Amino acid sequence: MQSVSRTRREALSLMGLSALSTVRGPAAPTPDRPNILFIYTDDHSHRTVSAYPEAYPWVRTPNIDKLAKEGVRFTYAYCGAWCMPSRATILTGHHQYGSAVESLRMEGPYPGCVYDPDKCQWWPKVFRSEGYFTAQIGKWHTGTDTGYGRDWDFQIVWNRPKYTETSQNYYYNQPITYHGGKTEVLKRYSTDQYTDWAIDFLRGNGRDRSKPYFLWLCYGAVHSPYTPAERHIGKLSGTDFETPKDIFPPRPGKPDWAQKINEWEKSPEGTPMSGGKSLRASVQQYHEGVFALDEAVGRLMAVLEETGQRKNTLVIFTADQGLAFGQHGFRGTKIAAYDANIRHPLIFSMPGKIPEGRVCGTPVSGVSMAPTIFRFAGLDLPWEMHGQDLTPLLTNPDAEWPHPVLFAATGRKFGSDTNVIPEGEDVLHGGVPWYVMLREKHLKYVRPLVSDLEELYDLQKDPEELDNLAVKPEHQATLRRMRATTIAELRRTKAGFVDRMPPVREATQG
């Protein structure tokens with residue numbers, strides 16, 4: 001047998017394994033119960049992936065692009081407004097106001113959070129009871145209880161809500177907990193180490209090889225402080241791009257709250273600066289942090305091919321949300337309903353099951369991830385979910401799709417705690433008020449849950465969301481229709497605040 005590197009020996013030891021347990025290839029799952037590899041990145045804008053036309057011309061992500069060519073890439077995907085609700089949505093199939101996230105709440109120093117597992121149940125435990133081997137590696141951000149032994153058979157995690165004093169250690173010096181037991185500080189670059197752990201798992205180490213597996217691989221990249229691997233620092237020096245048009249206020253036609261977003265100032269030369277750093281330097285560093293993610297995707301896919309698992313493994317690549325740099329005045333910010341803030345990449349790939357090289361222009365939501373995964377696994381949903389199974393779109397990306405995308409942001413409140421809308425500063429999160437958003441084909445509607453202007457955009461004609469049609473007389477019929485559809489979707493999904501929303505502020509431009 002070949003010698004095993006010291007890094008890999010240490011990793012296997014921490015996993016409670018031996019290098020001698022490595023096998024040539026794990027047993028294949030059945031076609032109707034495929035393996036599922038769910039790759040989940042953090043604060044990862046679609047603009048950083050070169051397969052997306054919105055990416056800067058100097059962006060290069062060959063491995064993620066290759067995955068897109070081997071499957072279906074979704075143009076518009078919206079999972080959540082920030083880390084915690086996005087993950088709760090993935091694990092329940094509910095918006096953050098849903099009954100499935102009841103009892104989830106912020107508690108203690110940020111980002112501390114807790115939940116009652118009898119009231120707030122994660123669906124991987126259902127997979128586990130149905131014969132899947134469930135695993136999670138990487139960032140955990142939905143309560144100090146990570147669910148090992150209940151939801152997960154295998155878990156190596158950075159429990160961010162528990163170790164709040166290290167909540168910004170996204171790349172080095174993370175307290176890693178192994179299978180609900182010992183916790184040790186990880187000194188290595190987290191993206192690389194998570195990938196190594198995942199590769200060992202894919203090769204069969206530490207799991208029951210007679211079962212199909214579900215692996216949720218949660219990277220911390222490319223979250224702030226946007227630290228690239230040392231080998232990638234400076235790779236994009238000298239690149240440039242056009243400054244976003246509305247980086248500085250005023251922003252005509254936008255609500256009052258949006259006029260107050262002003263996280264950039266002009267340098268003596270007139271270039272945008274924030275915290276002593278230029279917009280260009282910030283964007284370059286952020287994109288350099290994506291290089292290690294792209295390498296990780298390449299390594300993971302190579303192992304699936306090498307071990308004969310590729311054809312029987314559903315691979316999903318997505319993120320918790322996007323990130324804005326300069327657009328609408330934001331700096332490294334998600335939360336707001338603009339595509340620049342929250343839109344992220346989404347790719348599904350499974351040879352023979354999903355068509356290759358296709359692009360689906362239908363907007364989709366994070367609440368549809370769980371119903372789709374259950375469909376691929378041949379399992380019934382354990383409870384009513386807010387989203388729809390996406391397999392019709394994965395079969396035919398051009399298919400008509402009657403379902404609008406509802407998206408809600410209720411700050412740091414979940415479940416029935418969202419029934420009453422706060423007032424004053426309490427309704428703001430990062431300067432953005434609670435809101436609901438609806439995507440219907442090329443249109444986007446946003447209703448703030450304060451007395452302020454609504455927003456309506458035609459993303460085909462105005463992809464930068466600069467022209468708010470909600471304030472124009474000729475678009476009032478469309479505005480009323482989108483408003484009514486949003487309320488209907490809120491009722492369908494049993495949003496407790498639907499009858500408590502403040503009245504909209506009427507404003508038109510002649």
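Remarks
- Three-way shape label, segment 289-391, alpha-carbon gyration tensor, a/c 1.5: oblate
- By DSSP, the beta bridges lying fully in segment 132-180 are antiparallel in about 30 percent of cases.
- Cα gyration tensor, segment 344-391 - rounded (a/c under 1.5), prolate or oblate: oblate
- In segment 225-348, the ratio of gyration radius to Kirkwood radius, Rg to Rh, stands at 1.08 when only Cα atoms are counted.
- Antiparallel content of DSSP bridges confined to the chain, in %, to 5: 55
- Computed over segment 62-144, the P(r) tail beyond 21 angstrom holds 44 percent of alpha carbon pairs.
- The magnitude of the dipole of segment 222-339, with charges of +1 and -1 set on the Cβ of Lys/Arg and Asp/Glu and taken from the Cα centre, is near 160 debye.
- More than 38 angstrom apart: percent of Cα pairs within the chain: 23
- Less than 5 angstrom separates the built amide H of Trp152 from none of the residues sequence-distant by 5 or more or on a different chain.
- Order by protection proxy (mean Cβ within 10 Å, highest first), peptides 442-449, 396-403: 442-449, 396-403
- Within the same chain, lysines fewer than 8 places from Lys187 are excluded, and of the rest, those with a Cα less than 25 Å from its Cα are Lys139, Lys162, Lys235.
- Proportion of all alpha-carbon pairs of segment 55-205 beyond 25 Å (%): 38
- Estimated [θ] at 222 nm from DSSP helical runs (n ≥ 4, -39500 (n - 2.57)) normalised by residues in the chain, nearest 500: -6500 deg cm²/dmol
- Kirkwood Rh, angstrom, segment 142-235 [1 / mean 1/r, Cα pairs]: 14.4
- Bins of 5 Å from zero: percent of alpha-carbon pairs in segment 416-509: 3, 13, 22, 25, 19, 13, 5, 0
- D by Stokes-Einstein for segment 345-503, Kirkwood Rh over Cα pairs, 4 °C, 1.567 mPa s: 74 µm²/s.
Since every read-out is calculated from the coordinates, none of them should be taken as a lab result. Here the structure is a predicted model, which is why all the values come from computation and not from measurement. Every residue, glycine among them, receives a Cβ derived from its backbone with ideal geometry; neighbour counts consider all protein chains shown.
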